[in-house]
Amino acid sequence: MREYLPQPNHAPENYYETKSTVKDLGMPVVKIDVCKNSCMLYWGADEKLLQCKFCSENRYKPRFAAKKKLIPWKKMYYLPLANRLQRLYESQRTAPHMRWHAEHAAKPGEMQHPSDGKAWKDFNAIFRNFASEPRNVYLCLCTDGFAPYGQSGGNYSLWPVIMSPYNLPPDMCLKREVMFLTLLIPGREHPKKSFDVFLQPLIKELKDLWLTGVPAFDVSQKQNFTLKAVLLWTISDFPVYGMLSG
């Protein structure tokens with residue numbers, strides 16, 4: 001990229017420099033080792049195990065040299081959601097719009113946004129404390145599998161799990177920049193009944209966001225507040241709906 005851009009420029013010289021710059025943004029990517037047969041994650045209380053608790057498969061591939069780095073049979077990528085939600089309130093481009101769902105005036109009999117629908121209103125009527133803070137985030141989860149290598153890739157499938165905040169107005173809430181990739185579930189095999197295994201880090205974070213929240217700063221109102229979030233619904237086809245439902 002440095003060669004293609006007009007000279008002189010300040011583009012990073014290499015991939016390492018790019019990673020170092022992005023790391024300073026404070027939006028981490030967590031690599032989690034996975035059992036070869038997708039039985040469990042080496043995460044949380046099981047982080048230091050060397051064998052699967054269920055099928056007894058080794059965590060790492062055999063090493064052919066004494067100093068060779070340990071390589072797991074399979075690993076998953078998790079991008080913590082809270083960091084991304086906090087950034088929405090730290091930018092003037094998005095922070096004022098995160099209250100749109102509560103501040104807009106809906107026309108009687110018209111549905112401009114999911115917040116005008118019965119499901120959203122019923123939720124707010126039941127959980128009044130959550131609804132009393134318009135900056136709390138209403139989330140949607142979407143997932144599906146795809147073949148990254150096309151026809152030549154055989155049966156290999158990859159499963160991204162995407163979270164989107166529905167606080168934003170209709171022309172913003174499904175823009176690419178606010179569709180947050182939170183999980184990248186590896187192949188080659190279809191996750192099938194192991195889907196809940198891969199969802200564990202996301203489920204834990206969603207519970208924390210619902211119960212305790214995280215500290216955030218609203219740049220549009222110059223206020224600190226506790227940011228909470230709720231998973232309001234999921235969007236998927238029926239086979240994935242069955243997997244998400246266990």
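The values are calculated or read from the model by the stated rules, or taken from the named source; none is laboratory data. All values derive from a computational prediction rather than experimental measurement. When we count neighbours, we look across all protein chains shown, and the Cβ atoms used for this are built from the backbone with ideal geometry, even at glycine. All accessible areas refer to the heavy atoms of the entire protein, side chains included, with ligands and DNA or RNA removed. Shrake-Rupley method; radii C 1.70, N 1.55, O 1.52, S 1.80 Å.
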How much length, in nm to one decimal, is gained on full extension between CYS55 and LYS75, taken as 0.36 nm per residue of separation minus their Cα-Cα distance? 5.5 nm
Rough spin-label spacing in nm, given labels placed 7 Å along Cα→Cβ, for ALA11 and ILE203: 4.4 nm
For region 1-102, shape from the Cα gyration tensor axes a ≥ b ≥ c, cut at a/c of 1.5 then a/b versus b/c, turns out oblate
Distance violations [Cα-Cα > 26 Å] among LYS61/LYS192; LYS75/LYS193; LYS68/LYS204; LYS23/LYS175; LYS53/LYS192: LYS68/LYS204
Test of understanding: what is the full-extension gain from TYR149 to MET1, defined as 0.36 nm times their sequence separation minus their Cα-Cα distance? 50.8 nm
Considering the values (1) 16.4; (2) 20.2; (3) 19.1, which represents mean projected area of the Cα convex hull in nm² as calculated for the structure under consideration? (3)
Which length gain, in nm to one decimal place, applies between ASN83 and TRP210 when the Cα-Cα distance is subtracted from 0.36 nm times their residue separation? 44.2 nm
For region 93-206, just say rounded, prolate or oblate: build the C-alpha gyration tensor, square-root its eigenvalues into a ≥ b ≥ c, call rounded for a/c under 1.5, and beyond that prolate if a/b exceeds b/c, oblate if not. prolate
Note on region 27-67: alpha-carbon gyration tensor, axes a ≥ b ≥ c; rule is a/c under 1.5 for rounded, else prolate if a/b larger than b/c, else oblate; result oblate
For ASP33, enumerate residues with amide H under 5 Å from its amide H, sequence gap 5+ or separate chain, H modeled in the peptide plane. TYR42, MET76
In the chain, which whole DSSP H runs stretch at least 18 Å along their own axis (Cα) and average 0.0 or higher on the Kyte-Doolittle scale? none
Choose one answer from ALA229, ALA131, ALA45: the residue with the largest mean-square fluctuation in a GNM of the chain with alpha-carbon springs under 10 Å. ALA45
Loop-only trypsin sites (Lys or Arg not before Pro) in region 85-134, please: DSSP not H, G, I, E or B, and at most 13 other Cβ atoms within 10 Å. ARG93
Under 14 Å by backbone N from the virtual spin label 7 Å along Cα-to-Cβ at GLN221, the residues of region 94-127 are 95-104
Distance in Å, no decimals, from the C-alpha centre of region 30-61 to the one of region 67-88 is 15 Å
Calculate, for the chain, the solvent-accessible area per residue in square angstrom, rolling a 1.4 angstrom probe over the heavy atoms of the protein chains. 63 Å²
Residues other than ASN58 with Cβ under 13 Å of its Cβ, Lys/Arg counted +1 and Asp/Glu -1, net out at +4
